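Beneath this line is the structure, given in structure tokens, with notes to follow.
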Amino acid sequence: MVAVVGNESSIEKFVTDLLYLEHDAIAAYESCIERLDNKEFSAQIATFREDLQHLQVLNEMAREMGIEAPTEGDMKQMLTTGKIAIADIMGDAAILRAMKTNEDDTVRAYERASRHEDAIPASKAFIMKAHRDEERHRAWMSTTADTQS
């Protein structure tokens, strides 16, 4: 998705970029759900998409900071969903591998964000939880894709 989220100099930019990242991820989940042939896989991806507490907490952080929260993804969304569309040609395992690469970026972003110098303890706790959630999503995608090969 994006290679620099979590390295922003201001906390406001950091929250804004994480919001874009989450919106991009939701779009990728939706694209994935639509394209997977295996309905059990689609249902599992749908549960990941429903991790909306990430979006809710980030929106609350933006509100508290007095910044405008993005309500949709940015141009990077074309990359996250485009990978899924291309992978669709090769089947469910390829789609899940494409989603795993999206999760790789999200995991890295939250890992870096957890070290942001302006993050207060409450936001660091949220970021660490979000990081664990994204690691769990990525592990499922990787393991499931490997069992389909």
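The values are calculated or read from the model by the stated rules, or taken from the named source; none is laboratory data. Since we're looking at a predicted model, the values are computed, not measured. Glycine gets a Cβ as well: all are built from the backbone with ideal geometry, and neighbour counts include every protein chain shown. We work out accessible area using only protein heavy atoms, side chains counted, and drop any ligands, DNA or RNA first. Shrake-Rupley method; radii C 1.70, N 1.55, O 1.52, S 1.80 Å.
How long is the gain from Met90 to Glu135 if the chain were fully straight, where each residue apart is worth 0.36 nm and the alpha carbon distance is subtracted?
Difference between extended and current length: 13.7 nm.
When the Kirkwood radius is taken over all Cα pairs of region 30-89, what Stokes-Einstein diffusion coefficient follows at 37 °C and 0.692 mPa s, in µm²/s?
244
Pop out the carbon and sulfur fraction of the accessible area of region 65-149 as a percent, whole number, probe 1.4 Å.
Roughly 57 percent, rounded to a whole number.
If you look at just the Cα atoms of the chain, how large are its Rg and its Dmax in Å?
15.1, 48
Using only DSSP helix segments of four residues or longer, with each worth -39500 (n - 2.57), what per-residue ellipticity at 222 nm results for the chain after dividing by its residue count and rounding to 500?
The helix contribution divided over the chain gives -25500 deg cm²/dmol.
Under 13 Å from a point 7 Å along the Cα-to-Cβ line of Glu72: which residues of region 21-61 have their amide N that close?
Within reach of a label on Glu72: 23-24, 27.
Between Glu111 and Ala43, 0.36 nm times their residue separation minus their Cα-Cα distance comes to what?
Length difference between fully extended and current span is 21.8 nm.
Just give me a number: lysine pairs in the chain, eight or more positions apart or cross-chain, with C-alpha atoms less than 22 Å apart.
Eligible lysine pairs with Cα atoms under 22 Å apart amount to 8.
What percentage of all Cα-Cα pairs in region 67-116 are separated by more than 19 Å?
Above the 19 Å cut-off, region 67-116 has 41 percent of its Cα pairs.
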